[in-house]
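Trainee: Could you have a look at this structure, given as structure tokens, before my questions?
The values are calculated or read from the model by the stated rules, or taken from the named source; none is laboratory data. These numbers come from a predicted model, not from an experiment. For neighbour counting, all protein chains shown are included, and Cβ atoms are generated from backbone atoms with ideal geometry for every residue, glycine included. All accessible areas refer to the heavy atoms of the entire protein, side chains included, with ligands and DNA or RNA removed. Shrake-Rupley method; radii C 1.70, N 1.55, O 1.52, S 1.80 Å.
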Amino acid sequence: MKKLLLTAGVLSISALSFAEEKTYKLEVSLPVELYGGLSAGYFYTKNPDGDAFKISNAVIGLSGGSDEFSFDIAFGAFLAPSLWDGGAPNSMFSYTTGDITQNEAGILWGYVTFSPFEKISLDVGYLTTNIGAEVVNTYDNKNITLGTVWYAQPVIYPGARLTFNLTEDISLYAEYNHDALNPNRQEAFAVGSLGSIAGIDYAVSYYDYTAYKNLIDVVLGYSVGIVELGLNFDYQWLDDSAKQAGQDDSAYGVAFYVTPNFGDMILVPVRIEYFDEGTSGIYSGGNAQKGTTFTVTPTFKPTENSFIRAEIAYIKTDNKVFDNDTEDTKTTFALELGITF
């Protein structure tokens with residue numbers, strides 16, 4: 001993502017008001033990077049039927065600082081369209097609080113980083129998770145909708161994360177947080193490793209929601225010629241206190257990503273998923289049991305920082321969980337325009 005660097009000094013903005021020129025000055029004492037994205041489109045979904053024009057992402061972020069102290073904060077709102085809902089009925093959402101924002105902008109994430117030594121850093125604030133292949137600011141994903149595997153993973157939460165850079169290409173981390181997605185509103189812990197080995201990008205994580213559930217998540221990425229390949233394997237199990245008599249207590253899901261790139265302007269991302277949650281409801285929040293999904297998102301990029309993309313997303317489950325439990329399939333069509341900076 002291209003970022004605009006505001007160097008130390010004075011930034012002047014001029015405006016005309018009643019024929020009088022006014023100058024506003026913003027003092028910037030440290031280098032600051034401005035980044036973000038805006039996307040909007042049309043969503044049409046079946047079972048139940050619905051359609052709407054929506055803003056899907058509105059994000060403005062600032063990051064910067066020194067070698068010892070730095071920060072990253074983003075403002076805006078997300079639509080978070082998924083295979084489960086199709087996006088059309090969604091309202092903009094803030095994952096820092098778990099509240100619907102009704103299109104009001106708020107803090108999305110934000111944290112301060114302290115790096116007392118070259119290989120060690122500590123992040124404190126509202127953290128974005130290290131888990132999963134997809135992110136909630138979907139302009140950074142290959143697909144418009146979010147997948148079923150993503151739907152059961154952590155997203156953004158208040159906490160602290162300690163990172164140790166083992167080598168230039170491998171880092172280890174441990175974190176403690178208060179994840180709002182935990183229905184018990186209790187603490188959570190995570191440990192993992194991120195990096196690249198022999199040309200394969202990876203993220204391996206263990207995440208433990210206290211008195212709720214646990215998960216092991218593996219993400220792999222690799223490029224072969226013009227094709228980008230990705231895999232996200234996810235295994236989850238409930239704590240004893242969250243189990244229900246006669247119900248399964250574990251689930252697993254896997255997402256495959258294949259993206260052929262035809263030059264710099266055309267790409268055709270494909271996502272294929274399978275999950276088996278038994279009667280645990282871990283992925284669906286209901287009683288889907290097993291499910292498969294297929295998503296294809298032809299994308300045209302007229303410039304490096306802009307895109308036009310269309311999508312067909314399909315999900316089929318063992319049990320009827322759509323349209324008041326009368327249908328076992330859901331299809332979503334979407335058209336989205338976006339720009340990043």
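Trainee: For a protection proxy built on the mean count of beta-carbon atoms within 10 angstrom, sort 140-147, 109-116 highest first, please.
Mentor: Working: 140-147: 24.0, 109-116: 16.9.
So the order, starting with the most tightly packed, is 140-147, 109-116.
Trainee: Taking Cα Rg over 2.2 N^0.38 Å as the quantity of interest, determine which of [x] 1.05; [y] 1.31; [z] 1.09 was computed from the displayed structure.
Mentor: Entry [x].
Trainee: May I pose another question? Among the aspartates and glutamates, which fall within straight-line cross-link reach of residue 213, defined as a Cα-Cα distance under 20 Å, with same-chain neighbours fewer than 8 residues apart omitted?
Mentor: 175, 179, 187, 234, 239, 240, 248, 249, 276, 277
Trainee: At 1.4 Å probe size, with the rest of the protein present, what percent of the exposed accessible area of the range 128-277 is carbon and sulfur atoms?
Mentor: 61 percent
Trainee: Another question, then. Going toward the positive end of the dipole of the range 24-91, with +1 on Lys and Arg Cβ and -1 on Asp and Glu Cβ, which of 76, 53, 39 do you reach last?
Mentor: 53
Trainee: Before rounding to the nearest 500, sum -39500 (n - 2.57) across all DSSP H runs of length at least 4 in the chain and divide by the residue total; then give [θ] at 222 nm in deg cm²/dmol.
Mentor: On the way: 1 runs with 4 residues, N = 341.
The helix contribution divided over the chain gives 0 deg cm²/dmol.
Trainee: Multiplying the sequence separation of residue 193 and residue 164 by 0.36 nm and subtracting their Cα-Cα distance, what value in nm do you get?
Mentor: Values: separation 29, 0.36 × 29 = 10.44 nm, distance 0.94 nm.
Difference between extended and current length: 9.5 nm.
Trainee: Amide H neighbours of residue 187 under 5 Å, counting only residues 5+ apart in sequence or on other chains, H built in-plane at 1.01 Å?
Mentor: Placed amide hydrogens put 210 under 5 Å from residue 187.
Trainee: Among 200, 314, 186, pick out the residue whose Cα is farthest towards the positive end of the charge dipole of the chain, where Lys and Arg carry +1 and Asp and Glu carry -1 on C-beta, about the Cα centre.
Mentor: 314
Trainee: Could you order 296, 155, 124 so the one with the most accessible surface comes first? Probe is 1.4 Å. Intermediate values should be presented prior to the final figure.
Mentor: Numbers: 296 35, 155 10, 124 80 Å².
In descending accessible area the options line up as 124, 296, 155.
Trainee: Okay, moving on. Over 22 Å between Cα atoms: which of 290/320; 243/290; 142/290 fall into that group?
Mentor: Numbers: 290/320 11 Å; 243/290 19 Å; 142/290 24 Å.
Check vs 22 Å cut-off fails for 142/290.
Trainee: Order the peptides 44-57, 276-289 from the highest to the lowest mean number of other Cβ atoms within 10 Å of their residues. Can you show the working numbers first?
Mentor: Details: 44-57: 17.4, 276-289: 20.4.
Most protected by this proxy first, the peptides run 276-289, 44-57.
Trainee: Here is a follow-up. Could you give me the ³J(HN,Hα) list for the range 189-206, computed from phi with Karplus coefficients 6.51, -1.76, 1.60 and θ = phi - 60°, whole Hz, x at Gly and Pro?
Mentor: Once rounded to whole Hz, the list reads 10, 8, 9, x, 9, 10, x, 9, 9, 6, x, 9, 7, 9, 8, 10, 9, 10.
Trainee: What is the range 104-230's relative contact order, in percent, from Cα pairs under 8 angstrom and six or more apart in sequence? Before the final figure, lay out each step's value.
Mentor: Details: 245 pairs, mean separation 21.1, N = 127.
Across the range 104-230, relative contact order equals 17 percent.
Trainee: Ranked from highest to lowest mean number of other Cβ atoms within 10 Å per residue, what is the order of the peptides 193-200, 130-137? Intermediate values should be presented prior to the final figure.
Mentor: Details: 193-200: 12.5, 130-137: 22.5.
Per-residue Cβ counts within 10 Å, averaged per peptide and sorted highest first, yield 130-137, 193-200.
Trainee: Can you give me the accessible area per residue for the chain, using a 1.4 Å probe, in Å²? Please report the intermediate quantities before stating the final value.
Mentor: Details: 16910 Å² over 341 residues.
On a per-residue basis, the chain sits at 50 Å².
Trainee: Another question, if that's okay. Of the candidates 118, 327, 228, which one comes out as most mobile in a Gaussian network treatment of the chain with C-alpha springs shorter than 10 Å?
Mentor: Of 118, 327, 228, the most mobile in the Gaussian network model is 118.
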